[in-house]
Protein chains: 2
Amino acid sequence: MEWKRTHNCSELTTENTGDEVVLKGWVDTRRDLGGVIFIDLRDRYGITQIVFYETDENLHQLAEQLRREYVIAIKGIVEERGEENINDEVSTGRIEIRVEDLKIYSEAETTPFEIKEGIGTSEELRLKYRYLDLRRPDVQENLVLRSDFYKSTRDYYHENDFLEVETPVLMKSTPEGARDYLVPSRVNPGKFFALPQSPQTYKQLLMVSGFDRYFQIVKCFRDEDLRADRQPEFTQIDVEMSFVDEEDVMASTEGLMKKLMKDTVDEDIEAPFERLTYEEAIKTYGTDKPDTRFGLEFADFSDHVKDSEFKIFSNTVEKGGAVLGITVPGQGDMGRGAIDRLTERVKQETGAAGLIYIKLNEEDGVKCSVEKFLTEETVDAMVETADAEMGDLVLILAGPSPDVYEQMGKLRLMMGKEHDLIDQDAYNFLWVTDFPLVEYSKEDHRYHALHHPFTAPHPDDLDKLDDEPEEVRSRAYDLVLNGYEIGGGSIRIHNRELQTRMFGLLGIDQEEAQKRFGFLLDAFKYGAPPHGGIALGVDRIVMILAGGISLRDVIAFPKNQKAQSLMDNSPDYVDQEQLDELHIELKKDINKLDE
Amino acid sequence: MEWKRTHNCSELTTENTGDEVVLKGWVDTRRDLGGVIFIDLRDRYGITQIVFYETDENLHQLAEQLRREYVIAIKGIVEERGEENINDEVSTGRIEIRVEDLKIYSEAETTPFEIKEGIGTSEELRLKYRYLDLRRPDVQENLVLRSDFYKSTRDYYHENDFLEVETPVLMKSTPEGARDYLVPSRVNPGKFFALPQSPQTYKQLLMVSGFDRYFQIVKCFRDEDLRADRQPEFTQIDVEMSFVDEEDVMASTEGLMKKLMKDTVDEDIEAPFERLTYEEAIKTYGTDKPDTRFGLEFADFSDHVKDSEFKIFSNTVEKGGAVLGITVPGQGDMGRGAIDRLTERVKQETGAAGLIYIKLNEEDGVKCSVEKFLTEETVDAMVETADAEMGDLVLILAGPSPDVYEQMGKLRLMMGKEHDLIDQDAYNFLWVTDFPLVEYSKEDHRYHALHHPFTAPHPDDLDKLDDEPEEVRSRAYDLVLNGYEIGGGSIRIHNRELQTRMFGLLGIDQEEAQKRFGFLLDAFKYGAPPHGGIALGVDRIVMILAGGISLRDVIAFPKNQKAQSLMDNSPDYVDQEQLDELHIELKKDINKLDE
């Protein structure tokens, strides 16, 4: 019925010269040269030049109708190009096809934007016509990379004896952390399923069942107010292992990353990865996901300035705050105007109250913006602690803890980007460990789990669980790549009593715990192995590997920041009949919107 | 922190004799023999016998505490068993471990049912304690098989240049066919997402985007009234290819099946598979998913009996019905009592009005239950057409078409099972082709697509599309294995005008079509390749390969027939606050239930 395609548009070379071939694809570009029509025929694999000569009049007339994005099949003979026409930038650049027959499968209207790399079209238009946006070679490459990523990941876990198990998408709502997406049940009136924020409880149950090593690449869902880099549905590599400690999970994950980086972007990376405790990360970089592709580590001046006459410094330290500095290399001669503008930006973007600096340059020597309040020894001590050299600029923030660390973290990133200190070719993996188990929420008047309620407390800190819970470290670990948190995991609680205590600490009493997590607590009664695991963000990692700037660059059909799909206009209103069957109705004020 | 596990419970052999090893797992059984304690230690991989001698009193006392399902780690020395204790049914049956140290990770209460193969416990109890049910070796084997199945499938498609692309779970509701599961949107008040019944439109858009070959193993959802072999969420292998016809998709799918059968159950199967048109399947087996592991093909007696005096026969044929027979081998001497019971069952289970038969046995010769109304020639002609031999029983149904075919199909299956005619070791694959494009629904007073609205009509039948739509064949094909429909697909419409006509035929006018499927219709404007694909039911196929009788046997955490998870009691009521945020409320009568 159809002509059989013999090759794709990237395969033919001079070795095929003289062969009769059938190619199928899209008209990418068309040139009419003195009656001879040249067309670049495009498919997912590449581009091949096809040529219509005037010798066959009917064929030539048909070819004259062809426009960009027409879908065609051609039959023809492979011919070598003349020396002057060779294009070694494409794999097929030394041949062309003399067309002998043509079929038009589909005509095409003019597309709302051009099908080519790096266009300036608004994202809104691109999302509306996502099926055209997906024709652009760079977006196609991203999805090819993503497909390779899946394969590499699954190969790794299968090779290492992990079982791939699917867990339910329709599950129980256990609001803790982010909001659940809910699904009304038609056959169980008034009841709802929730979409998984993660298969956490299921994977732990699989360990209790004795599956030993589990993995899954799985869709998860969070109904959050979307930020630039969030999607309502996202994909994670979900892993759990029995009879392991932190070292086992980290080593296994490092193995995956080594393989992934090799398979997808041909990078050899070193393992084991660098590690920082949570405290070290905050003290050094002001964040628990530091970008370690550049330095600018914090210097702590608090001890130097705690007795200084400069009240902003001494009061800050006295109240438990800190005075921190970073040394920006080569910026020691920044002018007053530039520093003023920087100060304004620092206030706006980091929330810091002000910016203090020490400039080191040949002209002025060592110049501190508040030097009249500081002794020379103090300034010298600061310069030494900051490891600053002639030509450098030391930027200083003072403020209450932990805010000042976060502010300085932002300033550090700002400087790293502005002064090109970041090695764009580097892939810096980093483990952050020893997180606090809980943090106190002033809003809710209770403790929240920093990771989730199933994370095991550090055994050395168990005695502080009741009286000083904020001092308890957890057995959690995050994986950071180039300043992005790409994964997080922990050793879990596998003991009913400890899990119940943990729930209690989080304000979930025994009755409530039994109602919401009874199945897990009960499972622990029948022999539970020590276990732990990790979840890795597929979208985020692929985005980094693709050099993308948005998760939407690496998702075939993404939602926008209002959780809408502009292409098919979803979510959308539904028929009243559908709602009736689900035993729900819209709230009164919404009904009006619908009319 | 932990002892490092050196081996799993299936690995150790006499080659390890003398080695110090660490094993971890569950206490499967325990025997106390004159002070020496033998324990079978179990993990996912196997069982190893470990032995506690009385020489170490502390250790022995600790060992005495061990009960079934305790989770432990042991350190010990591998020793050869004495000849008399060798058990070659397990891989570790020639060794045992002399335990030197023991750690108890978790005690265990007595489980509500025994952890062993093939227990008689009620499914309800097993589903409630699914995490214990999953410890049973046969259920574990099913999930291992399923994991292998995923790997084999993905390897096949990656090897054949298919791209793995994830499509959205939160999509647009397009009620057509089964009911959608809906998800209220919090940030778009009054609007709803739907969970995909299949990624059909997305995969077609990927073809329009030029991805050429797509596959995905993907969860899909149907809110149906559940039958024995349905789950609200199910998994399918989803495939789409560009520039193909039926032969390409079928050949590609056969390649997958060959590999799958080899990789998972070590079976070599023949391809290409047998094919039947829809009409042939119905005429021969009374179903579009015939089990071809046994014969009992229908004989059509209509021509022989259309002029007979037996009014039930002649009237049936006159009104366009049919008189059909099947020949059950070796049952020619079935007694009157047995035949009466069979007749009752046939009426009840197939809906047929009655059962007529011809017995062929040495004692009575050829004996027809209505022979007084039929000539001898007619009976002889029926016997010949039915290919019946001495000793056989010909069962005959007469009735309107198409009901009588369906009834006879059920009777055929009944006989096949009862008389052990089905080769339980066979895997019979079959393609069914040339389905009708649409069928008329008397209930809805309109045509429904037999597959879905995107299925291409057969080009030879296009002229009948407006006036005789029921006569139009589609380019759809179903894959059948041992009487189960395991997959279905088609060549799709890739032309805006034809798709619009098709929607019109289904009662969806242009405005409605644009509202619901405008994104697809618009996509066809910009150059769409011919394309087609298939979707294969993972749960069903794995069930058949596992020799299971229910989909629940091969799903880690299945729902029951009320779409409930008994383990975690989902779906469940949710907080009023959650509903408020989603701008929905329960219908008044439901609210009362909640109180």
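With respect to chain A, whose longest principal axis is taken over its alpha-carbon atoms, helix A:246-265 is tilted by about 30°. The residues neighbouring B:Gly399, those whose beta-carbon lies less than 11 Å from its own, together hold a net charge of -1 under the Lys/Arg +1, Asp/Glu -1 convention. Between A:Val22 and A:Thr6, A:His7, the built amide H atoms are under 5 Å apart, and every one of these is 5 or more places off in sequence or on another chain.
Under the classification rounded if a/c is under 1.5, otherwise prolate if a/b is larger than b/c and oblate if not, where does the protein assembly as shown fall, given a ≥ b ≥ c as square roots of the Cα gyration tensor eigenvalues? Taking the square roots of the gyration eigenvalues as a ≥ b ≥ c, the protein assembly as shown is oblate.
Legend: calculated FRET efficiency, A:Lys372 to A:Lys259, from the Cβ-Cβ distance at R0 = 51 Å, rounded to 0.05, equals 0.30.
Under a Cβ-Cβ cut-off of 10 Å, what is the net charge of the residues other than A:Leu479 that fall near it, where Lys and Arg count +1 and Asp and Glu count -1? Mind dumping the intermediate values first?
Working: positive: A:Lys289; negative: A:Glu254, A:Asp478, A:Glu485.
Here the charged neighbours net out to -2.
Highest-first packing order for the peptide set B:213-222, A:61-70 is B:213-222, A:61-70, based on the mean count of other beta carbon atoms within 10 Å. Close amide H pairs (under 5 Å, H built 1.01 Å from N) link A:Arg275 with A:Trp431, residues at least 5 positions away or on another chain.
Per residue of peptide B:526-535, the mean number of Cβ atoms on other chains within 10 Å of the residue Cβ is 6.
Between B:Glu349 and A:His445, the simple spin-label model (points 7 angstrom out along Cα→Cβ) gives 6.7 nm. Straight-line cross-link partners of B:Lys562 among the lysines, defined as a Cα under 25 Å from its Cα and at least 8 positions apart when in the same chain: A:Lys172, A:Lys191, A:Lys203, A:Lys219, A:Lys515, B:Lys128, B:Lys219, B:Lys587, B:Lys588, B:Lys592.
Sequentially through segment B:434-441, phi angles give Karplus couplings (6.51, -1.76, 1.60; θ = phi - 60°) of 6, 5, x, 6, 9, 9, 8, 9 Hz, Gly and Pro residues having no value and appearing as x. The long axis of helix B:137-159 is offset from the longest Cα principal axis of chain B by roughly 60 degrees.
When the helices in chain A are scored as -39500 (n - 2.57) per DSSP H run of 4 or longer and the sum is shared across all residues, what 222 nm value do you end up with, to the nearest 500 deg cm²/dmol?
On the way: 17 runs with 176 residues, N = 595.
Calculated mean residue ellipticity at 222 nm is -9000 deg cm²/dmol.
Distance from the alpha carbon centroid of segment A:228-255 to that of segment B:197-233 works out to 27 angstrom. Once you reduce segment B:328-343 and segment A:365-388 to the center of their Cα atoms, the two points are 108 Å from each other.
Computed on the Cα trace of chain A, the radius of gyration divided by the Kirkwood hydrodynamic radius gives Rg/Rh = 1.05. Counts of other chain beta carbons within 10 angstrom of each beta carbon in peptide A:493-502 average 1. In order along segment A:315-327, the Karplus-derived 3J(HN,Hα) couplings, from 6.51 cos²θ - 1.76 cosθ + 1.60 at θ = phi - 60°, round to 5, 4, 5, 4, 7, x, x, 9, 10, 10, x, 10, 10 Hz, and Gly and Pro are given as x. Within a straight-line Cα-Cα reach of under 19 Å, A:Lys347 can be paired with the following lysines, leaving aside sequence neighbours fewer than 8 residues apart in one chain: A:Lys410, A:Lys417.
Is there a simple number for the mean count of other chain Cβ atoms within 10 Å of the Cβ of residues in A:559-569, and what is it? Working shown, then result.
Numbers: counts 3, 0, 1, 3, 7, 5, 6, 1, 9, 12, 6.
Across the residues of A:559-569, the mean count of other-chain Cβ atoms within 10 Å is 5.
Database remark: amide H of A:Val328 closer than 5 angstrom to the amide H of A:Leu393, A:Val394, A:Leu395 (H placed geometrically; neighbours at sequence offset of 5 or more, or on other chains; Pro and chain starts carry no H).
Taking segment A:77-112 and a reference point 7 angstrom along Cα→Cβ of A:Thr13, the backbone N atoms nearer than 16 Å belong to A:79-81, A:87-96. Its Cα centre serving as origin, chain B has a Cβ charge dipole (Lys and Arg +1, Asp and Glu -1) of approximately 1840 debye. Take B:Ala353, push a point 7 Å out from Cα through the beta-carbon direction, and compare it with the same point in every other copy: 9.8 nm, smallest first.
Once you sort the root eigenvalues of the Cα gyration tensor of segment B:201-277 as a ≥ b ≥ c, which label holds: rounded (a/c under 1.5), prolate (a/b larger than b/c) or oblate (the other case)?
Oblate is the answer for segment B:201-277, as a/c is 1.5 or above yet b/c matches or exceeds a/b.
Between B:Thr121 and A:Glu581, the C-beta separation translates, for a Förster distance of 30 Å, into a calculated FRET efficiency of about 0.30. Think of segment B:294-422 as a dipole: +1 on every Lys or Arg Cβ, -1 on every Asp or Glu Cβ, centred on the Cα centre; then among B:Val366, B:Ala352, B:Gly335, B:Ala352 lies furthest on the positive end. Calculated FRET efficiency, A:Phe113 to A:Val90, Cβ-Cβ distance, R0 = 22 Å: about 0.45 to the nearest 0.05. Could you work out the local net charge near B:Tyr214, counting Lys and Arg as +1, Asp and Glu as -1, over the other residues with Cβ closer than 9 Å to its Cβ? Residues near B:Tyr214 contribute -2 overall.
Couplings for segment A:328-343, taken from phi via the Karplus curve 6.51 cos²θ - 1.76 cosθ + 1.60 with θ = phi - 60°, read 8, x, x, 10, x, 10, 4, x, 4, x, 4, 5, 4, 5, 4, 4 Hz in order; Gly and Pro are left as x. A straight line joining the Cα centroids of segment B:11-86 and segment B:417-459 runs 56 Å. Maximal additional length on extending the A:Glu100-A:Glu471 stretch stands at 125.7 nm, based on 0.36 nm per residue less the C-alpha distance.
Bear in mind that the values in this text are calculations on the coordinates, not laboratory data. In this text the structure is predicted, and so the values were computed from the model without any measurement. Here the Cβ is made from the backbone with ideal geometry for all residues, glycine too, and neighbour counts use every protein chain on show.
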